[in-house]
Structures are given as structure tokens and as C-alpha cells.
């Protein structure tokens with residue numbers, strides 16, 4: 001036991017943080033992350049009139065507890081959906097349920113009437129939410145777990161650092177909450193590479209690990225990330241198997257990413273168009289597809305656009321080099337695809 005405590009202390013010193021999470025004092029819906037993944041949570045509150053107020057995304061690092069919604073909880077029904085950061089390699093993870101509610105990528109607030117069918121326009125899409133059983137209490141804490149379960153928030157914090165180090169290419173062992181020398185050495189090397197000051201804390205560490213991992217880890221499918229300072233509208237064109245289709249628009253907030261396609265990339269040729277809200281092209285090319293001002297999905301999207309009431313725009317070809325997934329970085333810097341081999 002003494003050796004375990006010594007190893008834990010060594011890793012804790014390198015992290016430069018306290019290993020305990022303190023819950024907020026006021027009444028709130030608190031979300032705790034006892035997993036090794038950085039989570040992004042969307043929450044919803046259902047009022048007596050049948051309207052659901054949905055907002056996201058609350059970022060929760062491993063071992064952390066966050067007040068996602070403040071106020072007396074006994075007056076409403078609450079629902080939650082959480083998903084793992086795209087910075088993590090491997091399959092995406094999600095925590096939710098069977099209640100379909102609309103969300104957007106990036107920070108958002110939506111109001112969904114009970115009678116609403118579908119998610120409308122402006123990049124909204126449905127996800128499965130779970131009802132939080134608050135048992136009529138004014139204050140409630142919900143904890144996200146993984147399988148096999150980690151014993152404590154402290155274990156989750158150490159497992160989360162280890163997972164992100166592995167996502168960044170460092171050689172560490174199994175993703176557990178047990179401290180070891182390899183993790184300590186990798187963490188020390190990462191802090192040195194990032195030129196962290198001695199007092200750099202947990203927030204800075206997890207942010208840096210996530211940012212660096214997101215630069216080269218590509219989930220299956222196609223993801224567009226907005227590295228600029230203004231929202232982007234993104235559309236996707238595809239050709240193959242006798243089809244030429246176009247879909248849009250995804251709204252990608254600054255600093256956020258949108259999954260344009262979630263299944264592995266196939267043999268279809270893919271094209272992308274990214275514009276600012278005032279119509280300036282950030283990413284485009286010579287392949288012409290039909291588009292529309294509002295949200296659209298056009299099954300025969302090449303040729304005779306004006307005659308069918310559509311506009312036409314040039315899309316840029318995407319070369320994923322045969323990978324199952326790719327990330328396109330748009331905005332501040334020239335877009336650079338990051339590929340993940342099959």
C-alpha cells in the first residue's frame with residue numbers, strides 16, 4: 001500500500017492538481033465523470049407545458065463534477081445525453097436513452113415543442129436522451145461510468161490522463177486508475193514538450209492533451225472542425241454507385257467539430273463546401289453541386305440546378321487516402337486532413 005501511495009503522489013505532483021472533485025454548494029443537476037474519457041453532455045428540462053429546453057455541450061474531464069443546470073430540480077423533468085470527445089481514438093462512446101431530442105454541434109440552446117416532428121434546419125439532429133431519476137429532490141448528482149467500472153473519481157482522473165497520453169502516441173499500459181512509472185514518465189515528457197510551468201494545473205493539462213490528440217486522431221467517417229473565429233456553414237457532396245448527392249448545412253461553431261458522416265469512408269468520392277454566414281467561401285473547389293439556402297438533401301445534385309430552383313456552388317475534393325476516417329480543419333489555417341488507417 002505504501003508503494004501505491006507513493007506512485008500516486010508522484011503522478012499527482014506531475015499533474016499539478018488536487019485529486020478530489022468538490023460538488024457545487026447550490027442546488028443543481030451535477031454531472032460527474034467516473035470514466036477515462038473526456039465527455040461532452042447535453043441536458044434537457046421538460047416543463048409542464050410540454051416544451052423541452054435543450055442545451056449543450058458541458059465539458060466534463062475524467063474525475064470532475066460539473067453543475068450542468070442550477071436551480072431547484074423538483075419542478076421539472078431532466079434528461080441527459082453524453083458523448084466522448086472526438087480526440088479519443090477508437091469507437092466513439094455515448095451515454096443516453098430512448099427519448100429522441102434535437103441537438104447541434106458546438107454550444108447551443110434549443111426549445112423543442114412536444115408536437116415537433118424532426119429537428120428542422122440549421123444543423124440540428126436527434127440523439128437519444130435518458131431521463132434523470134431525481135426522485136423529486138431539489139439537488140441531484142448523476143455519475144457516468146464505464147465498463148469495467150473505475151472505483152473512484154480519483155481513479156478516473158488518472159485513467160483519463162493515461163488514455164489521452166495513449167491518444168497522443170505515448171506508450172503507456174492498460175487504461176486503469178493504477179499509477180505506474182511509465183505513465184509518470186510519459187506525463188513528465190508531455191509537460192516538458194508543452195513547456196508547462198510548474199504550477200500548471202488540471203484544466204491546462206487536459207485541454208492540451210485533448211487539443212493535441214484531436215489534431216491527429218480521426219474517428220470513422222468525416223469530421224469538419226472550425227479553427228476560425230466565426231461560425232461556418234458546411235455542405236457535403238458525394239458521387240459513386242451512380243449517385244451524385246449533396247447535403248447541408250451543418251453549422252460548425254468556432255472551436256467545435258461536426259460529424260458529417262459517421263460510418264467509415266467508402267469508395268464514394270467526397271466533396272466539401274464551407275462558407276461563412278454571409279456567403280464567403282472558406283473551402284471550395286471546381287466540382288459543381290446544387291445547393292439551397294436552407295437545410296437541404298438533394299439526391300440528383302449535379303446539373304440543371306437553376307431549372308429546379310437550386311443555386312450551384314463549387315465543392316473541394318476530399319482525399320482521405322483510403323482511410324476509414326478523416327478530419328478537415330477549416331477556418332484560421334489551410335485545411336489539413338488527418339487520416340486514420342483502416
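Nothing in this text is a laboratory measurement; each read-out follows from the coordinates by a stated rule. Computed from a prediction, not measured in an experiment: that's the story for all the values here. Glycine gets a Cβ as well: all are built from the backbone with ideal geometry, and neighbour counts include every protein chain shown.
General observations
- Here the scattering of segment 221-340 is modelled by Debye summation over its C-alpha atoms, one equal scatterer each and no solvent; at q = 0.17, 0.20 Å⁻¹ the log10 of I(q)/I(0) is -0.79, -1.10.
- Between 0 and 90°, nearest 10: helix 153-167 axis offset from the chain longest Cα axis: 50
- Shown here is the pair-distance distribution of segment 172-264: with all Cα-Cα distances grouped in 5 Å bins from zero up to the longest one, the shares run 2, 10, 14, 17, 15, 12, 11, 8, 6, 4, 2, 0 percent.
- When the P(r) is computed for the chain, the part past 37 Å accounts for 25% of the Cα-Cα pairs.
- Average Cα contact separation per residue, the chain, under 8 Å, 6 or more apart, as relative contact order %: 16
- Based on Cα contacts under 8 Å between residues 6+ apart, segment 221-340 shows a relative contact order of 31 percent.
- Computed packing ranks the peptides 287-296, 144-153, 309-318 as 287-296, 309-318, 144-153, most packed first, by mean other Cβ atoms within 10 Å.
- Ranked list, fewest to most other Cβ atoms within 10 Å of each Cβ, for 129, 196: 196, 129
- Cα-based helix-to-principal-axis angle, 202-214 vs the chain, degrees rounded to 10: 40
- Look at 85, 74, 36, 286 and count the other Cβ atoms within 10 Å of each Cβ; fewest to most, that gives 286, 74, 85, 36.
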